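Colleague: Okay, handing you the structure first.
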Amino acid sequence: MAAGNNSDSDQCWDQWVRIDEETSTTQIFPLLMAVPCLLANIAAIVTVLCTETLRKQNFNMWVVSLALADILFAITAIVTNVLQIYNYRFENENNKSFWSTYNMAVSYFTFIGMNLDRTFSIKKPLQSYGQTDCSFYKKIFASWVLALLPALPYLWDTTMPWCERHCSSCPDMPVENKPLLWWHIIVGCLAPMMIIFAVWVVIFLELRKTTIAVKADSRRDKENRHVITVMGIMTLAFIICTFPLTINLISYAIWRPSTFMWLSLSYTACFIQSILNPIFYLGVCKPARQAFIALICCRSYGS
């Protein structure tokens, strides 16, 4: 639906914005959650980078990449909500929407990379252990680049700039631009979830196989299954926490919303997931937990 074909009363969002501001704490709550999010993810990064044995394992470096994405998400939430508290209006809403979408997409594509990399190590263990650091870091870089796919079209959206020029209040999503919303939903939400689901089907089938190599190296198999367990817990939490956002985006692509309260709650769930990632990693992953405790106690890991 083109913006120019609607009246101001149909296109503007002043009424629901006033209702949301009177009945919710959508600006204050993210600020309160940003602090534990930053601290937890910084703790995970420092633990990995300060422990040589953890740095040598690919899974832990994927966790570092995910923690960096969560830190960017928290910083973005702090900046945007502080500016909104002081009634600051962005000169270009497209840039804000692009950056917010990109932050979320990085987490999606990092989880895809993490799961695909573990699947590769299960199906092709010799090739996996023999890959160079350069080739591995290219995979992490690729996940950050691919996250641009759902975000870049926001830079060319015309509905939000129209709202900025004609309305006193505007939504944070281009709900009038249905093709853009569906692109975001398919490329940034549904496709990543389907890929992750397919990867776990492959992992499940591979773990049921018992090979001679596995029997000969039970220690490596035990470590691999422990990593898969940790990754599975983190991936399941990610899917559960981001699923409400996907549902809300789909509903907004079909029906024009009367409020963004549910979208705000969906982003809150995503924020909670950004806090849970490092907590699950440091709490469930035994080597990471031991390294973190050693770091706090100012002693060498393994001593």
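Colleague: What distance in nm separates the simple spin-label points at Asn81 and Leu148, each placed 7 Å from Cα in the Cβ direction?
Modeller: That separation, rounded to one decimal, is 3.0 nm.
Colleague: How much length is gained on full extension from Leu49 to His226, taking 0.36 nm per residue of separation minus their Cα-Cα distance?
Modeller: Taking 0.36 nm per residue and subtracting the Cα distance, the gain is 61.7 nm.
Colleague: Please give the length that would be gained between Leu265 and Trp99 if that part of the chain were fully extended, namely 0.36 nm times their separation in residues minus their C-alpha to C-alpha distance (nm, one decimal).
Modeller: Here the segment from Leu265 to Trp99 would lengthen by 57.8 nm.
Colleague: Through the Karplus equation 6.51 cos²θ - 1.76 cosθ + 1.60, θ set to phi - 60°, convert the phi angles of region 97-102 into ³J(HN,Hα) values in whole Hz; use x for Gly and Pro.
Modeller: Couplings: 5, 4, 5, 5, 5, 5 Hz.
Colleague: Related question: At 1.4 Å probe size, put Cys298, Cys163 in order of accessible surface, largest to smallest.
Modeller: Working: Cys298 120, Cys163 5 Å².
If we order Cys298, Cys163 from most to least accessible, we get Cys298, Cys163.
The values are calculated or read from the model by the stated rules, or taken from the named source; none is laboratory data. Computed from a predicted structure; not experimentally measured. Cβ sites come from the backbone with ideal geometry, for glycine too, and all protein chains shown count toward neighbours. Please note that ligands, DNA and RNA were not included when accessible areas were found on the heavy atoms of the full protein model with its side chains. Shrake-Rupley method; radii C 1.70, N 1.55, O 1.52, S 1.80 Å.
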